[in-house]
Amino acid sequence: MTTPPHQASNSFVIQDVRIFDGTRVTGTGSVLVVDGRIAEIGRVTAPPGTPEYDGRGKTVLPGLIDGHTHSPWGKPDADRRDALRLGVTTELDMQGDPELIAGAKRQRESLERTDQADLWSAGIGITVPGGAPPEYPNLPNPPKLDAGADPGRFVADRIGEGSDYLKIFFEDGSVFGQPMPTLTPGQLHAIVAAAHRHGRMAIAHVTELEHARTAVEAGIDGLAHMLLTTADETFVEAIRKSGAFVTTTLSSFDRGLGADELLADPRVLPYLSAEQFDALKYRDSPGDSGWLRVGSRNVARLHAAGVPIFAGSDAGVGAGSQGAHGATLLAELTHLVRAGLTPAQALTAATAAPARRYRLTDRGRVAPGLRADLLLVEGNPAEDITAVREIAVIWKNGYPIDRRVGT
């Protein structure tokens, strides 16, 4: 479907469309958008002259939320344009340039026309000198928590920079065979407590079971990656009781499997920028062939126990990342289904579930009063998750997005 040339405003109606509301397919009806917000759903009467889209055989669903990206010092505007062109209307940054936060807050509160995904950000992540993440050439070296420094003061500084939540690197490199220093358990507890005093969530980068166990004991709100060592029953029960969520990022550990599938998919390939294409083609060290298998099994166990699962791509993690903004989340959804989630549950992991937990109250669902960040796709992605790749129209704030690369 091409975008009607007459949709100059952010009002329109989709007629006779299958509706995925963020948790389930509610049936077939019409969706009326007025001035960038969903006005009515069901049997609607659109004002005369309202642009109409034929929804027969298609599904409307909320714009996707990528639960783990990075907007490093560089070209964040291009990254967020890339994300939006592939259906990601909101990104949750897990380490990025704090200078972007003020502008990002203004954009996400507006219903004006934009060609970029909205952004929430942790700003500078909390780590120790020499610890994760690695320092990349030609990028600024963010402040670190030195031994003896006050964790509470460090957290307050991040809040002062505008961080929407706190990202904590609790990683000793053992999973990767690259030992490195990391926070002490005492520092971790102090950081989490300080974040909570400021009314912010604390989210931990961990990849190993014992570190995850310590993070849950410290009161962490969520884990930024799926574990790459096997989660035992004691941990599964502990994280379930804690209420913490896990963002999966299986695509970061799949040795390029998801990227190769995207590059071979004609529903995706024409919409990739040069930057996205290069990111998907990049291959660093082959890694451990068992990481995806172990991570997927952990997804299945945690999901079965009722632990909230969010989809995340880790796109933009640094120079040479195989994660491409927008595109890699599509691969992540496929990984979640292969791990045992239903297609509808995978879609919820990238829409309503993170919106609820991050308190993104104006998005993540198809419901009256919410922002019209919407996708119209061919087929039914609640039955075939790859149908989310066959996008007919993307709307951001109710305005249709021109998907041509370079526009």
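No value in this document is a laboratory result; all are computed from the given coordinates. Quantities reported herein were computed from a predicted structural model and do not represent experimental measurements. Cβ: placed from backbone, ideal geometry, glycine included. Neighbour counts: every protein chain shown.
For Cα pairs less than 8 Å apart in space and 6+ apart in sequence, what is the mean separation divided by the residue count of segment 77-219, i.e. the relative contact order in percent?
On the way: 223 pairs, mean separation 31.6, N = 143.
Normalised by residue count, the contact order of segment 77-219 is 22 percent.
Matching the structure-derived log10 I(q)/I(0) by the Debye sum over Cα atoms at q = 0.09, 0.11, 0.13 Å⁻¹ against the labelled list (1) -0.50, -0.75, -1.05; (2) -0.67, -0.89, -1.13; (3) -1.05, -1.18, -1.25 gives the label (1).
Straight-line reach from Lys167: taking Cα to Cα under 27 Å and skipping same-chain neighbours fewer than 8 places apart, the lysines in range are Lys75, Lys105, Lys144, Lys241. Its Cα centre serving as origin, the chain has a Cβ charge dipole (Lys and Arg +1, Asp and Glu -1) of approximately 820 debye. Based on C-alpha pairs under 8 angstrom that are at least 6 apart in sequence, segment 1-102 has a relative contact order of 24 percent. Taking every C-alpha pair closer than 8 Å and separated by at least 6 residues, the mean separation divided by the residue count of segment 349-407 gives a relative contact order of 23 percent.
Using a Förster distance of 22 angstrom, determine the FRET efficiency expected from the C-beta separation of Arg113 and Ala274, and round it to 0.05. After rounding, the FRET efficiency stands at 0.35.
Between Thr28 and Tyr282, what FRET efficiency comes out of the Förster formula 1/(1 + (r/R0)^6) with R0 = 45 Å and r the beta carbon distance, rounded to 0.05?
On the way: r = 42 Å, r/R0 = 0.93.
FRET efficiency, Tyr282 to Thr28: 0.60.
Site pair His198 and Arg403 shows an inter-label distance of 3.9 nm when each label is modelled 7 Å from Cα along Cα→Cβ.
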